[in-house]
Amino acid sequence: MGTAARNAPLPWLKPAVLTGSLVPIAAIMMRASVNALGPDPIAQALNQLGLIALVFLIAALACTPLKVIAGWAWPMRLRRMLGVLAFFYASLHVITYTVLDQGLDWRAIYDDIVKRVHLLRVFHLCLADPAGRNLDQLGAETARLRPLEAAPSSRLSGAGARGASLHVEGET
């Protein structure tokens, strides 16, 4: 395939990606309207919105390596749109969490963030050291995290309580 064919305009590309990107939110809204999101619809919507945001973020970040490695120019045309879509779905995720899950209870939101402070530290270590020079510190921090088996919802309190979560060893 020649360079001219590789860089040829694709007028259908952006409208097709935009149309396809709206399918997940339409599916979530349709399933919510018929009560088909399961026993905890807010958690299901949160998980799906967060996952979709991550997928679009990874797709946006993959555009440049695809151009460099494969020589494809068309992903670069979509990079901005994919980034905006990642922000859109991440914003919906945060709004759903803040309004529907926590009911604008800022104290509960703060407590939820503080409860997961070690996850924030791991995230910060990953961002602050993308070259991986502090892998020992990252490993020590992640070793403190352990998954907890699903607990019955009746034992959990708070509007945002879930059946399974991450807890830090030594905390109650």
The ³J(HN,Hα) series, computed from each phi in the stretch 68-83 with the Karplus coefficients 6.51, -1.76 and 1.60 at θ = phi - 60°, rounded to the nearest Hz and given as x for glycine or proline, is 5, 7, 8, x, 7, 8, 5, x, 5, 5, 9, 4, 5, 4, 5, x
Taking 0.36 nm per residue of separation between ALA32 and ALA73 and subtracting their Cα-Cα distance, the length gained on full extension comes to 10.9 nm
A chain fully extended from LEU61 to ARG80 at 0.36 nm per residue, minus the present Cα-Cα distance, gains in nm 5.9 nm
At R0 = 41 Å the Cβ-Cβ FRET efficiency linking LEU54 and TRP12, nearest 0.05, sits at 0.95
Exposure proxy check on VAL68, VAL55: fewest-to-most Cβ neighbours within 10 Å is VAL68, VAL55
Percent of all Cα-Cα pairs per 10 Å bin for the stretch 1-101, counting from 0 up to the last occupied bin, reads 15, 39, 26, 14, 6, 0
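Quick note: the coordinates plus some simple rules give every number you see, no bench work behind them. Just so we're clear, the structure is a prediction, and the values are computed from it rather than from any experiment. Cβ atoms come from the backbone with ideal geometry, glycine included; neighbour counts cover every protein chain shown.
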